[in-house]
Amino acid sequence: QVDFVESGGGLVQPGGSLRLSCVVSGSIFSVGVMGWYRQTPGKQREFVAHTTPGGTTEYSSAVKGRFTISADNTKNTVYLQMNSLKPEDTAAYYCNADVAVSSTSVPVVMWGQGTQVTVSS
């Protein structure tokens, strides 16, 4: 069993900051790419950012320059530092990761349960 524990969401005023964390634990052989997506009601889940084990990062154009993704590979933990938040950043944020549960298994994408971020005055 693989568990995702996300934290750090909440209510923040426009222009404020939040830091999301996601810890992946359980029966894991390896964790590859880790990332964040977000979703608002009635819309498809959209890519926010991801980071590779080698430290290569990628961002959506909507958050580039305001959000920073980082990871502690020794702890299977990924972070999302969100600065200069806007009302349109309001969404449920989901962590995901490519997880292999054994040395012979193919990595599969697994998801956390999500954490709500609300940007409002």
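The values are calculated or read from the model by the stated rules, or taken from the named source; none is laboratory data. This one's a predicted model, so the numbers in the text were calculated from it and none came from an experiment. With ideal geometry, Cβ positions are generated from the backbone for all residues, glycine too; neighbour counts draw on all protein chains shown. For accessibility, only protein heavy atoms count, side chains too; no ligands or nucleic acids. Shrake-Rupley method; radii C 1.70, N 1.55, O 1.52, S 1.80 Å.
Run the simple label-point estimate for PHE29 and TRP111 please: 7 Å along Cα→C-beta, distance reported in nm.
Result for the modelled spin labels: 2.5 nm.
If you roll a 1.4 Å probe over the heavy atoms of the protein chains, what accessible area per residue do you get for the chain, in Å²?
53
Under a point-charge model restricted to the Cβ atoms of Lys and Arg (+1) and Asp and Glu (-1), what is the dipole moment magnitude of segment 26-121 relative to its Cα centre, in debye to the nearest 20?
Working: 7 positive and 6 negative charges, 33 e Å.
Charge dipole, segment 26-121, about its Cα centre: 160 debye, nearest 20.
Once Lys and Arg get +1 and Asp and Glu get -1 on their Cβ, which of SER120, THR68, ALA92 lies farthest toward the positive end of the dipole of the chain?
The residue sitting most towards the positive pole is SER120.
Work out how much length ALA100 to THR52 would gain on full extension: take 0.36 nm times their residue separation and subtract the Cα-Cα distance, in nm to one decimal.
15.8 nm
With only alpha-carbon atoms counted, please give the Rg and Dmax of segment 44-121, in Å.
For segment 44-121, the Cα-based Rg and Dmax read 14.0, 50 Å.
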